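Student: Right, I'll just put the structure down here and ask away after.
Read-outs: derived from the displayed coordinates by stated rules, not from any lab. These figures come from a predicted structure and were not determined experimentally. Positions of Cβ are generated from backbone atoms using ideal geometry, with glycine treated the same way; all protein chains shown enter the neighbour counts.
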Amino acid sequence: MTARNGAPATRDIPEQRRILAVLVFSQILSGAGLAAGITVGALLAEEMLGSTGLAGLPSALFTAGSALGAVAIGRICRRWGRRPGLALGYGAGALGSLGVVAAAAVDSAPLLFLGLLVYGAGTATNLMARYAGADLASPARRGRAVSTVLFATTLGAVVGPNLVTLTGRLAHSWGIPRLAGPFILATAAFGAAAIVLAILLRPDPLRLAQALAEKAAQAADGALGAEDRPAQPPQRGRVVMGTLVMVLTQLVMIAIMTMTPVHMRAHGHGTQEAGFVIALHVGAMFLPSPLTGLLVDRVGRLWTAAASGVTLLAAGVLAATASPHSVPALAAALMLLGLGWNFGLVSGTAIVTDALPPANRAAAQGLVDVGIAVAGAAGGASSGLIVVAGGFPTLALSGGILALAVVPLVAWAARRPAATASATAAPRTETERA
């Protein structure tokens, strides 16, 4: 990140404050839509398909849709900027949510699958918005910028699952199955977020970042000569490192989270209790973001990434050993699961963004999020089968052990300081040190 005159930036540019404010508003709205698939997707599929083994299918479908959405949004952002990419993504999410509602109303499994696939574009957009928060942030504040956008999702994401009963009553009053109620909320939430971004996300953060980078390059050309100016290619090793951290944490989180409501209902808990546990989980996914951003910027990217693996292991062990009749124990396990995911996502995002110059950023970030979505789809699709074969404790424990693979990955990266120095900790300005 550079200042307007081409000098290294030590503070965010003035436009960053407005950009973050608009992103925060849209994330609050979209958070409620994000929670619908998490809370009742598996239950709706189990009810419509009559099979616990297929209950993980909705998670697989909307995470597969998220992968496709990430590719499309990345390409749109690269060509036209963040504003049209994010607005169209949320618009597609609203359309998919409406399709799920229609599928439940007419009891159509094919329409349900299609609706969930398109709904995934909304979840992809909610996640990709974090990159827009980092576009104009100085390197020393990049983790906090990412965390601000993620934190904003908390309000809607926590409120959404707790509206399961209310939205279910609304759906029932319209002659629609109760479990489709949260998708009615998702239709409105994603639609409102799309409108907010389309109207208010100005200037476009990615296009402005690209313009500032080009201006800095021209200033360097004037000082050194174009042939003497060092190139700034993407640092592929760091991109791979950050991507693997996010992929592992997503795979484990989605797999365990998807089957928790099914596990709870199988042991006598109601939809409202499952919604409460998921609400706490989603809150833990986003609420700690300001602290995580501070850790990423001050303590280091790699240390925070390692903490994600350890935290997810603790979550898996607790979920596996907790009494299925204890809502507090399951809630604690799911909160640890959300916290570990948060550590991995914020640190991985900072590592990837550090390694990408603005000109290469949007397309590469879209591909990174494709990997994240594919990992989520794999976790969701396999979770039901693992539970049928070995039970929920087997799923939880194996997921926690898998997440611990982040630690040796980080240790390997830490032994290569030349390739990962800037990923480990962003430089601090004299003002920040003081």
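Student: Give the relative contact order (percent, whole number) for the range 78-157; include only Cα pairs under 8 Å separated by 6+ residues.
Tutor: Once normalised by length, the contact order is 26 percent.
Student: From a point 7 Å beyond the Cα of Ile401 in the direction of its Cβ, which residues of the range 316-358 have a backbone N at a distance under 18 Å?
Tutor: Output list for this probe position: 316-322.
Student: Can you pull the one-decimal nm distance between simple spin-label points at Arg415 and Asn162, each 7 Å off the Cα toward Cβ?
Tutor: Reported label-point gap for Arg415 and Asn162 is 4.8 nm.
Student: Among Ala219, Ala64, Ala72, whose mean-square fluctuation peaks in a Gaussian network model of the chain (Cα, cutoff 10 Å)?
Tutor: Largest GNM mean-square fluctuation: Ala219.
Student: In whole percent, what relative contact order does the range 169-327 give with Cα contacts below 8 Å and a gap of six or more residues?
Tutor: Value for the range 169-327: 17 percent.
Student: Using the Cα gyration tensor of the range 79-199, with a ≥ b ≥ c the square roots of its eigenvalues, what is the shape: rounded (a/c below 1.5), prolate (a/b larger than b/c) or oblate (neither)?
Tutor: Judged from the Cα gyration tensor, the range 79-199 comes out prolate (a/c at least 1.5, a/b above b/c).
Student: Please order Glu15, Glu46 by the number of other Cβ within 10 Å, starting at the fewest.
Tutor: Fewest-to-most Cβ neighbours within 10 Å comes out as Glu15, Glu46.
Student: Calculate the dipole size of the chain relative to its Cα centre from +1 charges on Lys and Arg beta carbons and -1 charges on Asp and Glu beta carbons; express the result in debye to the nearest 20.
Tutor: I would put it at about 840 debye.
Student: Hey, another quick one. Sort Val239, Val388 so that the residue with the fewest other Cβ atoms within 10 Å of its own Cβ comes first and the one with the most comes last.
Tutor: Val388, Val239
Student: Among Val410, Val296, Val100, which comes first, then next, by fewest other beta-carbon atoms within 10 Å?
Tutor: Going from least to most buried by this count: Val410, Val296, Val100.
Student: Only helices at least 20 Å long along their axis, Cα-based, and averaging -1.0 or more on Kyte-Doolittle count here, so list those DSSP H runs from the chain.
Tutor: Length and hydropathy pass: 15-49, 57-80, 82-106, 109-134, 142-159, 181-200, 205-224, 236-266, 271-286, 301-321, 327-354, 358-390.
Student: Now for a separate question. Positive end of the dipole of the range 15-426, charges at C-beta (+1 Lys, Arg; -1 Asp, Glu), about the Cα centre: which of Ala319, Ala94, Gly379 has its Cα farthest in that direction?
Tutor: Ala94
Student: Between Phe286, Leu61, Leu208, whose Cα lies farthest towards the positive end of the dipole of the chain when Lys and Arg beta carbons carry +1 and Asp and Glu beta carbons carry -1, centred on the Cα centre?
Tutor: Farthest along the dipole direction, towards plus: Leu208.
Student: Once you keep just the Cα pairs under 8 angstrom separated by 6 or more residues, what percentage relative contact order results for the chain?
Tutor: After rounding, I find 25 percent.
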